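Presented below is the structure to which this report refers.
The values are calculated or read from the model by the stated rules, or taken from the named source; none is laboratory data. Every value quoted in this text rests on a predicted model; they were computed, and no experiment measured them. Here the Cβ is made from the backbone with ideal geometry for all residues, glycine too, and neighbour counts use every protein chain on show. We work out accessible area using only protein heavy atoms, side chains counted, and drop any ligands, DNA or RNA first. Shrake-Rupley method; radii C 1.70, N 1.55, O 1.52, S 1.80 Å.
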Amino acid sequence: MSARVVILGAVFAFGCCAATADAQGKKANISLFANRDPAKRMEKIAIDGPNETDLAVDLGLAWLANQQMGTGRWQLKSSNLDEKDRGTEANDIAGTALGLLPFLGVGYTHKASKHNPYDKNVAKGLAFLVSKQDVRTGYFGTSMYGHGLATLAVCEAYALTKDPGLRAPAQRAVNLLVQIQHDAGGWRYGPFKAVGDMSISGWQIMALNTARVAGLDVPDRTIVLAKNFLNSTMNQDSSYRYTAEQKPTTTTTAIGLLCRQHLEAWGPVDKRFQNGVKHLIAAPEVVDCYHCYYETQVRYNAGGDAWSKWRAKSIASMCKSQVTDPQSKLAGSWSTNGDRFGRAGGRLMVTSFNLLSLEIEYRYTPLFKNKAK
């Protein structure tokens, strides 16, 4: 795998808004988003007081809002940031999706309410994405990383609001994914059929699952082919490869397991899932917000010790590493220093992924009855 391939995969492989499915992958459950209720969150905070995660998320969202451009876009290579904090990759579609997703993660949509201080930010961001979509093809442009992220954001916004103005853009984006899916089940860099890789395909799979939650049309054949792709990249020990020819990595294993959880309901009692989680637990720690984003979701759905130990250590570490000095213009964000791909995606990407990890208990209800501790 080339360095550029890895960097692009890390920058634009975003998070995952997955749909709960039955074993055949035919039914989706909107209750997956039940925790995305700002009013209930504020009520809980008012009663119990804010915990460190609540404080980190609120501070981070305030910083993100300040990074939005007047046009509604967010930029990885933002002129709002010092040179050392700018990403080396220029992709405003991906940057805007990464800016939007943390707001959607706690239920802040483009719909105004007394519990939503960011409706205008979200509305402008969504409008920017929709304005950049090719109405004929459905492509959001730039790359399939950007397209996958934008599809995810627009489908989440539609799922949360059922705004009829978002249905057509969301469905167009999904239709493109259906049309260009390779016969082996995956996706690659551009809007054409090509043998897939785990990084890009993982985002398209999760975007399609979000579309199913939203009630959009996703053909069963598309999901079957996606499962075939996962089969082609899985080893017997439930580790996953970037492509069928590559060696497995911890990150691609986390992506593969997350897709299995949502497409095929692989849960804590499934031996294949258990074997995959063992790989994650045994792997050495890395400073990599992209990887943590995926592993956080896998462990959250696994529940039990796999989640409680991760929450106690990794989630707490994210809170402690956030810039909190109220005198700093960077308050609410995370540094790129030491992060495996931080230089490529910049402070915006690192902050977005950290927020999405911290929001996990707001963003999704656990997929399985074995609730997270």
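State whether one or more residues within the stretch 156-170 are under 24 Å from residue 290 (Cα atoms), surrounded by 24 or more Cβ atoms within 10 Å (Cβ to Cβ) and within 16 Å of the chain's Cα centre (by Cα). Yes, the stretch 156-170 contains at least one residue that is under 24 Å from residue 290 (Cα atoms), surrounded by 24 or more Cβ atoms within 10 Å (Cβ to Cβ) and within 16 Å of the chain's Cα centre (by Cα).
Considering 233, 210, 250, the condition of being surrounded by fewer than 24 Cβ atoms within 10 Å (Cβ to Cβ) and of a type outside the set (A, V, I, L, M) is satisfied by 250 alone.
Within the stretch 335-342, is there a residue that is under 18 Å from the mean Cα position of the chain (by Cα), closer than 19 Å to residue 87 by Cα and β-branched (Val, Ile, Thr)? No, the conditions are met nowhere in the stretch 335-342.
Output the number of the condition that residue 141 fails; it satisfies all remaining conditions of (1) of a type outside the set (D, E, K, R); (2) within 20 Å of the chain's Cα centre (by Cα); (3) surrounded by fewer than 21 Cβ atoms within 10 Å (Cβ to Cβ); (4) in a helix (DSSP H, G or I). Checking residue 141 against (1) of a type outside the set (D, E, K, R); (2) within 20 Å of the chain's Cα centre (by Cα); (3) surrounded by fewer than 21 Cβ atoms within 10 Å (Cβ to Cβ); (4) in a helix (DSSP H, G or I), the one that fails is (4). Cβ-Cβ distances below 6 Å connect the following pairs, each with a first residue in the stretch 89-109 that is free of Cβ contacts under 8 Å to residues at least 40 places away in the same chain, a second residue that is of a type in the set (Lys, Arg) and open to solvent by 10 Å² or more (accessible area, probe 1.4 Å), and a separation of six or more residues or different chains: 90/77. Whenever a residue of the stretch 305-334 is open to solvent by 40 Å² or more (accessible area, probe 1.4 Å), its partners that are assigned to a helix (DSSP H, G or I), lying with C-beta atoms within less than 7 angstrom and at least six residues away or across chains, give the pairs 324/59. In the stretch 45-83, of all residues being touching a Phe, Trp or Tyr at 6+ places or on another chain (Cβ under 8 Å) and among the β-branched types (Val, Ile, Thr), the one that is surrounded by the fewest Cβ atoms within 10 Å (Cβ to Cβ) corresponds to 71.
Within the stretch 139-152, no residue that is among the β-branched types (Val, Ile, Thr) sits with its Cβ atom under 6 Å from a residue that is surrounded by fewer than 24 Cβ atoms within 10 Å (Cβ to Cβ) and part of a helix (DSSP H, G or I) at 6+ positions apart or across chains. Among the residues of the stretch 256-274, the one identified as outside any helix (DSSP H, G or I), without any contact (Cβ under 8 Å) to a residue 12 or more places away in the chain and surrounded by fewer than 23 Cβ atoms within 10 Å (Cβ to Cβ) is 270. Would you confirm whether any residue within the stretch 100-113 is open to solvent by less than 20 Å² (accessible area, probe 1.4 Å), modelled with pLDDT of 95 or more, touching a Ser or Thr at 6+ places or on another chain (Cβ under 6 Å) and more than 17 Å from residue 362 (Cα to Cα)? Among the residues of the stretch 100-113, not one is open to solvent by less than 20 Å² (accessible area, probe 1.4 Å), modelled with pLDDT of 95 or more, touching a Ser or Thr at 6+ places or on another chain (Cβ under 6 Å) and more than 17 Å from residue 362 (Cα to Cα), which makes the answer no. One residue alone among 39, 65, 90 is within 21 Å of the chain's Cα centre (by Cα) and either under 25 Å from residue 367 (Cα atoms) or part of a helix (DSSP H, G or I) (or both), and that residue is 65. Every condition in (1) closer than 21 Å to residue 261 by Cβ; (2) modelled with pLDDT of 95 or more; (3) hydrophobic (A, V, I, L, M, F, W, C); (4) in a helix (DSSP H, G or I) is met by residue 187 except one, and the failing one is (4). Scan the stretch 335-349 for residues that are within 30 Å of residue 264 (Cβ to Cβ) and open to solvent by 10 Å² or more (accessible area, probe 1.4 Å) and jot them down. Within the stretch 335-349, 340, 341 meet the criteria. Does at least one position in the stretch 84-97 carry a residue that is under 21 Å from residue 32 (Cβ atoms) and open to solvent by less than 10 Å² (accessible area, probe 1.4 Å)? The answer is yes; a qualifying residue exists.
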